[in-house]
Amino acid sequence: MITSSNNVVACARGSGTCLESRPEQSPDFGELLLRLRVVGLCGTDLYKLSAGNAQPGSVLGHEVVGDVLSLGKGVQHFAVGDRIVVPHHVSCGNCSFCKKGNETMCEVFRENLISPGGFADTMVIGERAVTSAAHILSDEISDEAAVFLEPAACVLRSVHRSGIGSGDLVVVQGAGPMGLLHLLVLRAEMPGSKVIIIDPVSERRVFAEKLGAHEVLTPEKANVLAQDINADAVFDTVGGSVVMGSSLELTRYGGTVVLFAHASNGEHAKIDLNNVFKSERRIVGTYSSALAEQSEIFNLIKCGRLDPSLLVTHTMPLDDFEKGVSLVHNRKALKVLFTPSKASLGFL
């Protein structure tokens, strides 16, 4: 039986997931112990679980909002009871990658600073994240909006790396949570840009229109119109070689394709190299987010220009973790948030 005195976690196990009860951790010097309020199921989490890349027993989850339960020695600027949002990766700021603007390639950036992971009733936040990346939430910021800090910051980095400016025409491949988050971030950061969304699912195209997309297209229609669209940038939130080829066709001469999604393990793209060379098109990879993007997104949410909570379709306790994963995997949910387990709330 899972008891409320222990820490309930949702972890990878074989080809699926399971709930386990583990002892609650204590924060060391510079760390925080956080009690979960809400954690988002990310596309990366889904990819790792679906592809079997998650180590058995590992606890994923990194889009976290929680309450501070206790402080390690040396922690300043936080107090027990503070409601905070915090990402899981923080670069060193001093290596050659960091100094050249490639902070997400920093070696220490790879360290997960949320232990055991976000899909847990309680978790320890590492010192580097406490010092540099955690934000105290004021009353006007909801948990449902704040939980998007990290994914929205990843999107903002994608936008920055595309090189687009206000008034440009952009295409977003995919109207899943990250595709629609691109739409919302673009509207907040560059309200003058024109955004076209491409997705095969009619319900998602309708929702994209409601969120402010200038035009929505099926992939088939986009292929017919490819030569006429001439986008300044195409954001690929789908992944894979097929989408890569169509994305190049949608860009103007000198345009940019931004790769934002995983491809299958070992997948290679076959493209017409001259279509890149002679047309001065660019293919740009983007991965995760740095402190600068996180701070900018926090401010956009705080001032009300960005409200990603519109993407939340389901909220459920960690007890229903497998159900939430299944809903997203089968495209019956857009964004799923998990709250603490029933055991942690005293419901055994």
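Take the alpha carbon gyration tensor of the chain, find the square roots of its eigenvalues, order them as a ≥ b ≥ c, and report rounded if a/c is under 1.5; if not, report prolate when a/b exceeds b/c, else oblate. Judged from the Cα gyration tensor, the chain comes out prolate (a/c at least 1.5, a/b above b/c).
Mean-square fluctuations from a GNM of the chain, with a 10 angstrom spring cutoff on Cα atoms, peak among ASP307, ASP168, ASP67 at ASP168.
Annotation: amide H of ARG282 within the under-5 Å range of GLY255, THR256, VAL257, sequence separation 5 or more or interchain, hydrogens built in the peptide plane.
Give the lysines whose C-alpha is closer than 22 Å to that of LYS323, dropping any in the same chain fewer than 8 places away, or say none. Leaving aside lysines fewer than 8 places away in the same chain, those within reach of LYS323 are LYS48, LYS332, LYS335, LYS342. Magnitude of the Cβ-charge dipole of the chain, K/R +1 and D/E -1, about the Cα centre, nearest 20 debye? Taking the Cα centre of the chain as origin, the dipole is about 420 debye. Element breakdown for the chain at a 1.4 angstrom probe: carbon and sulfur atoms account for 50% of the accessible area. Of all DSSP bridge pairs formed entirely within the chain, close to 55 percent run antiparallel. Whole-Hz Karplus values for segment 327-340 come out as 4, 6, 4, 9, 6, 9, 9, 8, 10, 10, 10, 10, 10, x Hz, taken residue by residue from phi with 6.51 cos²θ - 1.76 cosθ + 1.60 and θ = phi - 60°; glycine and proline positions read x.
In a DSSP loop and with at most 13 other Cβ atoms within 10 Å, the trypsin sites (Lys or Arg not before Pro) in segment 221-279 are LYS270, LYS278.
Evaluate the charge dipole of segment 227-348 about its Cα centre and quote only its size in Debye, nearest 20, assuming +1 on the Cβ of each Lys and Arg and -1 on the Cβ of each Asp and Glu. Dipole magnitude for segment 227-348 comes out near 140 debye.
By how many degrees, 0 to 90 and rounded to 10, does the Cα axis of helix 291-302 deviate from the longest principal axis of the chain? Approximately 90 degrees, to the nearest ten.
On average, how much accessible surface per residue is there in the chain, in Å², for a 1.4 Å probe, leaving out ligands, DNA and RNA?
45 Å²
Rounded to the nearest 20 debye, the dipole magnitude of segment 75-211 is 580 debye, with +1 charges on Lys and Arg beta carbons, -1 on Asp and Glu beta carbons, and the Cα centre as origin.
With an 8 Å Cα cut-off and a minimum separation of 6 or more residues, compute the relative contact order for the chain in percent.
Averaging sequence separation for qualifying contacts and normalising by length gives 19 percent for the chain.
For segment 154-166, backbone phi angles converted through the Karplus equation (6.51, -1.76, 1.60; θ = phi - 60°) give residue-by-residue couplings of 4, 5, 4, 4, 4, 5, 4, 6, 6, x, 6, x, 4 Hz, Gly and Pro being listed as x.
For ARG13, the residues whose modelled amide H falls within less than 5 Å of its own, excluding neighbours fewer than 5 places apart on the same chain, are CYS18, GLY57. Close amide H partners of ASN7, meaning residues 5 or more places away or on another chain with modelled amide H under 5 Å apart, are ARG22, GLU24. Evaluating 6.51 cos²θ - 1.76 cosθ + 1.60 at θ = phi - 60° for every residue in segment 105-115, the Karplus couplings come out as 9, 4, 4, 6, 4, 5, 5, 7, 9, 10, 10 Hz, glycine and proline recorded as x. Across segment 47-106, Cα pairs under 8 Å and at least six residues apart give a relative contact order of 23 percent.
As a calculated quantity, the FRET efficiency between LYS194 and MET316 at R0 = 30 Å, using C-beta atoms, amounts to about 0.25. Estimated purely from DSSP H runs of n ≥ 4, each contributing -39500 (n - 2.57), the mean residue ellipticity at 222 nm for the chain is -8500 deg cm²/dmol once divided by its residues. Extending 7 Å from the Cα toward the beta-carbon at both SER138 and SER166 defines two label points whose distance is 2.3 nm. Taking a ≥ b ≥ c as the square roots of the eigenvalues of the Cα gyration tensor, segment 10-64 is prolate, since a/c reaches 1.5 or more and a/b is larger than b/c. Exposure here means at most 11 other Cβ atoms within 10 Å; with chymotrypsin sites (Phe, Trp or Tyr not before Pro) in a DSSP loop as sites, the longest stretch of the chain lacking them is 30-346.
The GluC sites (Glu not before Pro) of segment 114-178 that meet both conditions, a loop assignment by DSSP and at most 11 other Cβ atoms within 10 Å of the site Cβ, are GLU140. Taking a straight Cα-Cα cut-off under 23 Å and skipping sequence neighbours fewer than 8 places away in the same chain, the lysines within cross-link reach of LYS221 are LYS194, LYS210, LYS270. Restriction of the trypsin sites (Lys or Arg not before Pro) in segment 30-81 to DSSP coil positions whose beta-carbon has at most 10 other beta-carbons within 10 angstrom yields LYS73.
The values are calculated or read from the model by the stated rules, or taken from the named source; none is laboratory data. Note that the structure is predicted; figures quoted are calculated from it, not measured. Positions of Cβ are generated from backbone atoms using ideal geometry, with glycine treated the same way; all protein chains shown enter the neighbour counts. For accessibility, only protein heavy atoms count, side chains too; no ligands or nucleic acids. Shrake-Rupley method; radii C 1.70, N 1.55, O 1.52, S 1.80 Å.
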